[in-house]
Every structure is written in structure tokens, then in C-alpha cells.
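Here the structure is laid out as C-alpha cells; the discussion comes afterwards.
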Amino acid sequence: MRPQVKICGITNLDDALFCTQVGANALGFIFYKKSPRYIEPSTAAKIIEELPGYISPVGVFVNEQRKVIEQIVSETGIRIIQLSGDESPDDCLRFKTRVWKAFRLFDLEEVKQIKRYKIAAAMLEGASGTLYGGSGILPDYAVALEMKEYHPVILSGGLKPENVTEAVRLVEPYAIDVNSGLEASPGKKDHIKVKLLFEKLEHLK
């Protein structure tokens, strides 16, 4: 079965609308200023305003203050909060919107820590030391399978049209998160790659 698909690193309306037209379920907007795909909340708000109602806008934050997150969510229309830093279980609580938590796990022994989190879904990113998100490194599929015992799993990191079919068949995740594997340059999507990704996923039905 085809997983839900989140295209992350959206910075412009053209890419956003194209991704929705070819099959995306969610679009990610990165509010982490050190990211080359950072987007100003005011710009994100204008893009989100143009999106169809069935698209879930996801706000990506890294070790951000709660009041800042809540303000950006209120200003932009973000419907899912993705916490991609070193947030604790308590940091993920008491938000009015759904929360996804991203983890960089190196081995199976670390998986048990995620059961302490009360979240809507757990995202597994390719482990890359201290780098937050956007590593382009494929995650450990064995770790992803173990994570499914505790939360719906979102597979992230290093996914692209050439490897997405194998990843989805092996893990059967709730969703996949794709960013750099669909880019022409940081923050700009390659529409040919985006379309090819969804063509590959169609064969999984």
C-alpha cells in the first residue's frame, strides 16, 4: 500500500502547488534558520493559504521555544508540528495541533526511548551525528521496523525515486518524508524528480 507522502523543504508556491497536483499529502515548511531551506513564516503563510484543504502543512522546528512555535503555527495555518531537534517527551506535550517527533537512532537499543513520547508519529532520520535533518542519509530499516511497535513510523533521509520503492516495501511505513532527493538545488524542487517519485509509488498499489 502506498504510504502518505510529505514533501519537505518547500520555499515557493510553484513547487507547493506542483507537489499537491501530483499526489503529496503533506508539505513541510522549515522554520529552522540554520537550514538552507528556511522559510519566513510570512512567506509560508501566503503559500499555505493557496493550498487545497486536503493538504497538511507541517512546520519543522529544531530546539525552538514553545511560544515561538505556537506563534508561528497561529500565524501560518500549520496543522502538524514536526520537532526535529533534541526535544524531550515533555517538550512534545500540550500543543493544540498534532506533533511528529524526528529521531536519529543509531541502533536497536535506542528504539525503546521513543515509547516515552506521546506523539502522533515518529520520524526516523538517517543518523548523522549532530546534523539536524536534511542529512541525505538513508535510515536503518531494522530500526524503523522496531519503531513500529510504539508509533506510526515516518521514514526520512536519503529517499529519492531510485530507492523509494525498496524502502517502502521493506518497512511499510505510515508515511515517507522526502526533501533533498527531489531537489534541483536547496529549496527548489526538480519537478521531473517529484513526478517520478509518485510514478514509482503508484506501482505499490
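At 222 nm, what helix-only mean residue ellipticity would the chain give, in deg cm²/dmol to the nearest 500, using -39500 (n - 2.57) for each DSSP H run of four or more? So the calculated ellipticity at 222 nm is -8000 deg cm²/dmol. Classified by the C-alpha gyration tensor, the range 4-202 has an oblate form. Its axis ratio a/c, with a ≥ b ≥ c, is 1.5 or above, and a/b does not exceed b/c. The fewest-to-most ranking of Phe61, Phe106, Phe18 by surrounding Cβ atoms within 10 Å reads Phe106, Phe18, Phe61. In this structure, the amide hydrogen of Phe103, modeled 1.01 Å from its nitrogen in the peptide plane, lies closer than 5 angstrom to those of Met123, Leu124, Glu125, counting only residues at least 5 positions away or on a different chain. Modelled this way, with points 7 Å down the Cα-to-C-beta line, the labels at Leu108 and Ala184 are 4.5 nm from one another. Springs join every pair of Cα atoms under 10 Å in this Gaussian network model of the chain, and among Val153, Val58, Val171 the largest mean-square fluctuation is at Val171. For the chain, the membrane-span-like helix rule (DSSP H, alpha carbon extent of at least 20 Å along the helix axis, mean Kyte-Doolittle at least 0.0) picks out no helix; this says nothing about an actual membrane. Cross-link partners of Lys193 among lysines, defined as those whose alpha carbon lies under 18 angstrom from its own and excluding same-chain residues fewer than eight positions apart: Lys6, Lys160. A Förster radius of 30 Å combined with the Cβ-Cβ distance from Tyr141 to Lys118 puts the calculated FRET efficiency at roughly 0.75. For the range 4-202, the share of DSSP beta bridges that are antiparallel, to the nearest 5, is 5%. Taking θ as phi - 60° and the Karplus parameters 6.51, -1.76 and 1.60, the scalar couplings of the range 78-88 work out to 4, 10, 9, 9, 10, 9, 10, x, 9, 5, 7 Hz in sequence order, x denoting glycine and proline.
Just checking the listed ones, Ala167, Ala102, Ala26: in the Gaussian network model of the chain with Cα springs under 10 Å, the one fluctuating most is Ala167.
When each of Glu146, Glu162, Glu172 is scored by the number of other beta-carbon atoms lying within 10 Å, the sequence from fewest to most is Glu162, Glu172, Glu146. Of the candidates Arg104, Arg79, Arg169, which one comes out as most mobile in a Gaussian network treatment of the chain with C-alpha springs shorter than 10 Å? Checking each option, the largest mean-square fluctuation is seen for Arg169. Candidate cross-link partners of Lys33 among the aspartates and glutamates, defined by an alpha-carbon separation under 15 Å and a same-chain spacing of 8 or more, comprise Glu64. Ordering Thr97, Thr76 from the fewest to the most neighbouring beta carbons within 10 Å gives Thr97, Thr76.
Between the range 158-205 and the range 33-93, the alpha-carbon centres lie 22 Å apart.
In percent, rounded to a whole number, the relative contact order of the range 4-202 is 19, using alpha-carbon pairs under 8 Å and six or more apart.
Values in this text are rule-based calculations from the coordinates and carry no lab data. No experiment lies behind these values; they were computed from the predicted model shown. All Cβ positions, glycine included, derive from the backbone under ideal geometry; neighbour counts span all protein chains shown.
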